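*Asks:* Before we start, here is the structure in question, set down as structure tokens.
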Amino acid sequence: MAWQRSVVAFAAAVVLPLTGVMAGSSVAAAPAGDVSAAALPAGSPAAVNGQLRVCGVKLCNKNGKQIQLRGMSTHGIQWYSQCVKSASLDALANDWKADILRISMYVQEGGYESNPRKFTDLVHGYIEEATKRGLYALVDWHQLSPGDPNHNTERAKTFFKEIAQRHKDKTNIIYDIANEPNGVSWSRVKSYAEAVIPTIRAEDPDSLVLVGTHGWSTFGLSDGRDVSEVSRNKVNASNLMYTFHFYAKDHRDSYLNALRTVSSQVPVFVTEFGSQEASGDGPNDFTMANKFIAFMKEAKISWTNWNFSDDHRTGAVFNTGTCSGGSFAGEGPLKEAGKWVRNHIRTADDF
């Protein structure tokens, strides 16, 4: 969330090159023109639940049953692609028992804007890898700065048109068209969503679409706005959910109460959260984080945790240096936040 405002400065200090981002990874980008959809493994989350639908303010599976998906978000794939490879994805699916992988593709900050072809192909590859493991693939258009998503409308249309064309026959694809709008009104975010969603729907009329809310996906709370603003002025689109983000050390009961309120008004998906400060670093507050977890379980609000990397911050689940190796299963490679979230993901699904 807010920690990402300083990510550009951090990137300059990262040793990883911004070219050849797949170095050290065994997950390759899908070849151009590859439209095949790998079969979902029997009994996997995406095979069991199939095409997702919004039912009222809840998320439902192909049978109309209300469900909760739980999983992880990658870090920015321009910096930490080496953490998203066969061994780590196998651990996420088989050891962690996750349901979903959020593919975090930054738009600026050395991401998509710098090389649209490369990053689009990376996302194609990650979607295929999630599909092979029966995970839902949440494609995150990680716009952050500038905060007005309208700055990237044409880029978003180009990107999502290709993604939807290639993967429209999959039942495990989810499109998130705006990560954390900030410094912008809800009406501006709504106009962006209503410009981009038809591009997706022209190719893929069925799959779930998510849109970030203003105030860094807090329904405007972080900007001091009325969180019911969205419910009074909904995006004109079907099978749509709105995203909410929080970091438990900084975002206390007022954020939990806001989540209670908005999730009773509109369909909500928590696509990013952590047990730390909004910087993604600092001490964990598992007591407060557990309050959020308990409510999300009760309300069947799906979530992905930030983040599946070995970044030095406390919010990255792996110990520094883990991603250069091949061992990702169990608690051994994990920081405290990693152990905590893995245990919550491993709790039996209520499908």
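The values are calculated or read from the model by the stated rules, or taken from the named source; none is laboratory data. No experiment lies behind these values; they were computed from the predicted model shown. Note that each Cβ is placed from the backbone with ideal geometry, even for glycine, and that neighbours are counted across all protein chains shown. Protein only, heavy atoms only, side chains kept; ligands, DNA and RNA dropped before computing areas. Shrake-Rupley method; radii C 1.70, N 1.55, O 1.52, S 1.80 Å.
*Asks:* May I ask for the distance between the Cα centers of the stretch 145-197 and the stretch 97-134, given as a whole number of Å?
*Replies:* 15
*Asks:* So, R0 is 25 Å and r is the distance between the beta-carbons of Gln51 and Thr347; what FRET efficiency does that work out to, to 0.05?
*Replies:* After rounding to 0.05, the efficiency reads 0.55.
*Asks:* Here's a follow-up. Could you tell me which of Ala237, Thr74, Thr158 has its Cα farthest along the dipole of the chain towards the positive end, charges placed at Cβ (Lys, Arg +1; Asp, Glu -1), taken about the Cα centre?
*Replies:* The one lying farthest along the dipole's positive direction is Ala237.
*Asks:* For the stretch 61-131, what is the accessible area per residue in Å², given a 1.4 Å probe and the full set of protein chains?
*Replies:* For the stretch 61-131, the solvent-accessible area averages 23 Å² per residue.
*Asks:* Assuming 0.36 nm per residue, please report the length gained on full extension of the stretch Asn233 to Asp95 beyond their Cα-Cα distance.
*Replies:* Contour length minus Cα-Cα distance gives 45.5 nm.
*Asks:* Which ³J(HN,Hα) values, rounded to whole Hz and listed in residue order, are derived for the stretch 79-92 from phi using the Karplus coefficients 6.51, -1.76 and 1.60 in 6.51 cos²θ - 1.76 cosθ + 1.60 with θ = phi - 60°, glycine and proline given as x?
*Replies:* 10, 10, 5, 5, 8, 10, 9, 3, 5, 6, 5, 4, 5, 4
*Asks:* Further question on the same structure: Could you pull out the pairs from Lys291/Lys335; Lys168/Lys190; Lys168/Lys335; Lys58/Lys170; Lys65/Lys170 whose alpha carbons sit more than 28 Å apart here?
*Replies:* In this structure, Lys168/Lys335 lie more than 28 Å apart at Cα.
*Asks:* For the stretch 69-346, compute the orientation-averaged projected area of the C-alpha convex hull (one quarter of its surface), in nm².
*Replies:* 12.5
*Asks:* While we're on this one: If you roll a 1.4 angstrom probe over the protein chains with everything in place, what fraction of the accessible area of the chain belongs to carbon and sulfur, to the nearest %?
*Replies:* The value for the chain is 50 percent carbon and sulfur by accessible area.
*Asks:* Something else about it: Let me check I've understood the local charge: for Glu229, count other residues with C-beta under 15 angstrom from its C-beta, Lys and Arg +1, Asp and Glu -1. What total comes out?
*Replies:* Overall, the nearby charge balance is +3.
*Asks:* Counting only heavy atoms of protein chains, what accessible area per residue, in Å², does the stretch 252-331 have with a probe of 1.4 Å?
*Replies:* On a per-residue basis, the stretch 252-331 sits at 34 Å².
*Asks:* Nearest-5 percent of antiparallel DSSP beta bridges in the chain?
*Replies:* Just about 15 percent of them are antiparallel.
*Asks:* Counting alpha carbon pairs within less than 8 Å and at least 6 residues apart, what relative contact order, in whole percent, applies to the stretch 69-346? Intermediate results must be reported in sequence, preceding the final value.
*Replies:* On the way: 559 pairs, mean separation 52.6, N = 278.
Result for the stretch 69-346 is 19 percent.
*Asks:* Select from Ser264, Gly147, Tyr192 the residue farthest towards the positive end of the dipole of the stretch 69-346; place +1 on Cβ of Lys and Arg, -1 on Cβ of Asp and Glu, and compute about the Cα centre.
*Replies:* Going by the Cα projections, it comes out as Ser264.
*Asks:* Determine how many Å³ per residue the convex hull of the Cα atoms of the stretch 162-210 encloses.
*Replies:* 71
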